[in-house]
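Nothing in this text is a laboratory measurement; each read-out follows from the coordinates by a stated rule. Keep in mind it's a predicted model, so treat the numbers as computed, not measured. FYI the Cβ positions are ideal-geometry reconstructions off the backbone, even for glycines, and counts take in every protein chain you see.
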Amino acid sequence: MEVIFYYNASDDRVINKTLIGGNSFNGQARDEVDIMNPVIRFDSSDILRFNYAYIPEFQRYYVVQSINAFREGLWD
């Protein structure tokens, strides 16, 4: 599943956000994905610097609320 990550320099409540980046990563959805709160696994530590994401498959933007280490090099 493709996810495009950004750094959001604006407040979460601002409609026209200032987005920096636009790096695309491929991740693997865990089990069934909840469209409101998706959990996707990535094999890249680069995602730690982003706080905003767009999932083209869902045509939705998300505020990244947490990034959890699954094991070394894998992140949810």
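Tabulated data for the structure shown
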item	result
Options ASN37, ASN23, ASN16; residue that is in a loop (DSSP other than H, G, I, E, B), on the phi < 0 side of the Ramachandran plot and within 12 Å of the chain's Cα centre (by Cα)	ASN37
Test: ASP31 is surrounded by 12 or more Cβ atoms within 10 Å (Cβ to Cβ) and farther than 24 Å from THR18 by Cβ	no
Selected residue [assigned to a helix (DSSP H, G or I), among the aliphatic types (A, V, I, L, M), without any contact (Cβ under 8 Å) to a residue 60 or more places away in the chain and surrounded by 14 or more Cβ atoms within 10 Å (Cβ to Cβ)] from ILE47, ILE4	ILE47
